[in-house]
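Here the structure comes first, spelled out in structure tokens, and everything after it is commentary.
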Amino acid sequence: MPHTAVLIAAASEQQGPGDTLRIVLLVSILGAGLLAWFLLRGYRDDDNND
């Protein structure tokens, strides 16, 4: 039984790239939204094209 507890503890320490991928995905989505807002802001027509 002690060997099983050691294996479970060792497996729980190996989290993998899940948190990193989650952060990268969140930052890329926010960056894409910010880029879209910045680019589309320049195409806005305020009816003052003198």
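With θ taken as phi - 60° and the Karplus curve 6.51 cos²θ - 1.76 cosθ + 1.60 applied, the whole-hertz 3J(HN,Hα) list for the stretch 29-44 is 5, 5, x, 5, x, 5, 5, 4, 4, 5, 6, 6, 4, x, 8, 5 Hz, x standing for glycine and proline.
Remark: the V24-L39 segment gains 3.2 nm on full extension, using 0.36 nm per residue and subtracting the alpha carbon distance. Backbone geometry of the stretch 19-25 corresponds, through the Karplus equation with coefficients 6.51, -1.76 and 1.60 at θ = phi - 60°, to 3J(HN,Hα) couplings of 5, 5, 5, 5, 5, 4, 5 Hz, x marking Gly and Pro.
Quick note: the coordinates plus some simple rules give every number you see, no bench work behind them. Note that the structure is predicted; figures quoted are calculated from it, not measured.
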